[in-house]
1. Could you say which residue among G61, G28 is more than 30 Å from D88 (Cα to Cα), not aromatic (F, W, Y) and not assigned by TED's automatic domain parsing to the domain that holds L7?
2. Would you please name the residue that is surrounded by the most Cβ atoms within 10 Å (Cβ to Cβ), looking only at residues in segment 19-59 that are within 20 Å of K70 (Cβ to Cβ) and more than 17 Å from the chain's Cα centre (by Cα)?
Amino acid sequence: MDNEQTLETHNKLTNELVALANSMKDQGHDIKLISAALMASSAIYATYTTSGNEGYLHDSGVDKVADIYKKHLAYVQRAKKADLGITDTE
């Protein structure tokens, strides 16, 4: 899969998860609880992808996953600012 296909698939999967979260919101669940559940699910899946069902992350692995999450969060915030026309000088 080339980078363009990977990005397209990534965006599709992301949109599906956001749609699921919105469905939960529409069912009356609190958005903070939904966000916490998504983070917990991400932590469980990140552990699974690196260590399988029977493994766990060592402290260094936790730090690596947290760093990747922080970079994704910063990227999303830059994109949101750009969409809103906000520059870093504002």
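The values are calculated or read from the model by the stated rules, or taken from the named source; none is laboratory data. Because the structure is a prediction, the values reported are computed rather than measured. Here the Cβ is made from the backbone with ideal geometry for all residues, glycine too, and neighbour counts use every protein chain on show.
1. On the way: G28 fails: not assigned by TED's automatic domain parsing to the domain that holds L7.
Every option except G61 fails the conditions.
2. The residue in question is L57.
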